[in-house]
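Inspection log for the structure reproduced underneath, given as structure tokens.
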Amino acid sequence: MVNTSNFLTRTQLRKLFILLGSSLCLYLLLLLHTTYHPFNSLSEPQTKTQHDISSGPSNESPPSSPPSSSPIAIPPQKPRPKSPYCVAAFLGADYHGEDGDNDDADWYYVGARTLVYQLLHSPTTRFTDPVKTEPIPVIIMVTKDVSESKRRRLEIDGATVVEIEEVTADFAIGEPRYAQVLTKLRVFDPELMPYEKVFLMDTDMVLTRPIDAIFQDESTRLSPVDRNYTGPDAEIAPLPETFMFAATPESLDRDHAYPFLDLERKQHYFNVGCMLFSPSKEIYNFYLSILDHPDMFGHGWPEQDLLNYIHRLEGPMPWSRLHFSWYLNWPNINDIDGQMAIIHEKYWEQTLNLAGRIALSRVWEMQGYWIGKEGA
């Protein structure tokens, strides 16, 4: 007779298999946990993420490839193409400055800072389409007279500061504040401004809304130069093949119609406070050649008179008119109520009319922004 006490019963075998299976599952779970979450991670600080490395100084090098636990490698982002446009402004010597003045005593410098703030930072006026290309650059051209502290502050504000060589003339300029304005002609040099379109603004201006769309204005298309023109300026220097130059007529005073359409082009003289153009070496050299013949144009507003002669309506390169909603010198309340984008106002000289109050409020907004961002 066989002794059955040395064998396991069916019930005992079933329990044994369940116990062994549970132990095996537990072992596999512990193995997986060890693989993806090492035990030493409980006691040692975690490795810095890519964001941590890029957001602060560190002597560690960022990982050259995604962590091994990531199943999908993220491809590097392609660089965005360079913007074909830029906004430029000119800042020269503080003609009314005195020894011991601080930088903020120069209103044109304060105006330049305000423009940079509005174009790059203000939630109501900054550029609205920075996704397709790199953001539209804001370039401040300065003469050697502009202090290093002003340049540094403008760069901190987000502008690109470029020193340019002064352009002089062989005729007298009586008004001190116009002594350096011919230097603005450098902006037409494509070596300085390698862009398809440049919008040049005076620094005594403020914005009421974004101006990105001005680069698509109907007036900003390349036009052929009249090759049949035989006037005296064509004998001085070669004319370019094409050109693009858009501006706004002078309104002459605040008592003007709204909208200021001037469909018959009776106001043939334009204001250079705002002008949009395409830089080229040919047209830049043409400007400088005409500048050497001061008897051909007026000298009251040196660069404005020069450009008005070259781009006169009856000449080979007549200027085009920007849409009336962008800008008009001497704006009135109707222009402002109609959402004119750019207000031209020397708010530090004028009685504070509506345009002056709006302009001054934008200066305060700029100052408040940087105080809040950097502290007093």
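What to note about this one:
- Of the residues examined, residue 124 is not one that is under 17 Å from residue 186 (Cβ atoms), surrounded by fewer than 22 Cβ atoms within 10 Å (Cβ to Cβ) and in contact with a Leu (Cβ under 9 Å, 6 or more places away or on another chain).
- Every residue from segment 353-368 that is surrounded by 12 or more Cβ atoms within 10 Å (Cβ to Cβ), more than 22 Å from residue 334 (Cα to Cα) and out of contact with any helix residue (DSSP H, G or I) (no Cβ under 6 Å at 6 or more places or on another chain): 365, 367
- Pair list, Cβ < 6 Å and 6+ apart or interchain, from segment 317-337 residues that are among the basic types (Lys, Arg) to residues that are surrounded by fewer than 21 Cβ atoms within 10 Å (Cβ to Cβ) and at pLDDT 95 or above: 321/219
- Residues being crowded, with 21+ Cβ neighbours inside 10 Å and part of a loop (DSSP other than H, G, I, E, B) - total across segment 181-193: 1
- Of everything listed in (1) surrounded by 14 or more Cβ atoms within 10 Å (Cβ to Cβ); (2) closer than 30 Å to residue 128 by Cβ, the single unmet condition for residue 218 is (1).
Rundown of residues vs (1) among the acidic types (Asp, Glu); (2) over 30 Å from residue 338 (Cβ atoms), yes/no style:
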site: 216; (1), (2): no, no
site: 239; (1), (2): no, yes
site: 247; (1), (2): no, no
site: 259; (1), (2): no, no
site: 263; (1), (2): no, no
site: 274; (1), (2): no, no
site: 286; (1), (2): no, yes
site: 290; (1), (2): no, yes
site: 303; (1), (2): yes, no
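- Enumeration of residues in segment 288-322 that are closer than 22 Å to residue 201 by Cβ and in a loop (DSSP other than H, G, I, E, B): 300, 301, 311, 317, 319, 322
- Taken as a whole, segment 88-99 holds at least one residue that is within 21 Å of the chain's Cα centre (by Cα), modelled with pLDDT of 50 or more, part of a loop (DSSP other than H, G, I, E, B) and not hydroxyl-bearing (Ser, Thr, Tyr).
- Looking across segment 332-376, just one residue is touching a Lys or Arg at 6+ places or on another chain (Cβ under 7 Å) and of a type in the set (Gly, Ala, Ser), and that is 341.
- Enumeration of residues in segment 242-272 that are without any contact (Cβ under 8 Å) to a residue 60 or more places away in the chain and acidic (Asp, Glu): 262, 264
- Residue in segment 247-255 that is in contact with a Pro (Cβ under 6 Å, 6 or more places away or on another chain) and acidic (Asp, Glu) present: no
- Out of 139, 164, 211, sole residue that is touching a strand residue (DSSP E or B) at 6+ places or on another chain (Cβ under 6 Å), touching a residue at least 12 places away in the same chain (Cβ under 8 Å), under 24 Å from residue 248 (Cβ atoms) and not small (Gly, Ala, Ser): 139
- Here 330, 326 are screened, and the one residue that is of a type in the set (Phe, Trp, Tyr), at pLDDT 95 or above and under 16 Å from residue 206 (Cβ atoms) is 326.
- Residue match in segment 345-358 (condition: assigned to a helix (DSSP H, G or I) and in contact (Cβ under 8 Å) with a residue 60 or more places away in the chain): yes
- Qualifying residue in segment 336-351 (condition: buried (at least 18 other Cβ atoms within 10 Å of the Cβ), in contact with a strand residue (DSSP E or B) (Cβ under 9 Å, 6 or more places away or on another chain), acidic (Asp, Glu) and modelled with pLDDT of 95 or more): no
The values are calculated or read from the model by the stated rules, or taken from the named source; none is laboratory data. Since we're looking at a predicted model, the values are computed, not measured. Reconstructed Cβ throughout: ideal geometry from the backbone, glycine too, with neighbour counts over all protein chains shown.
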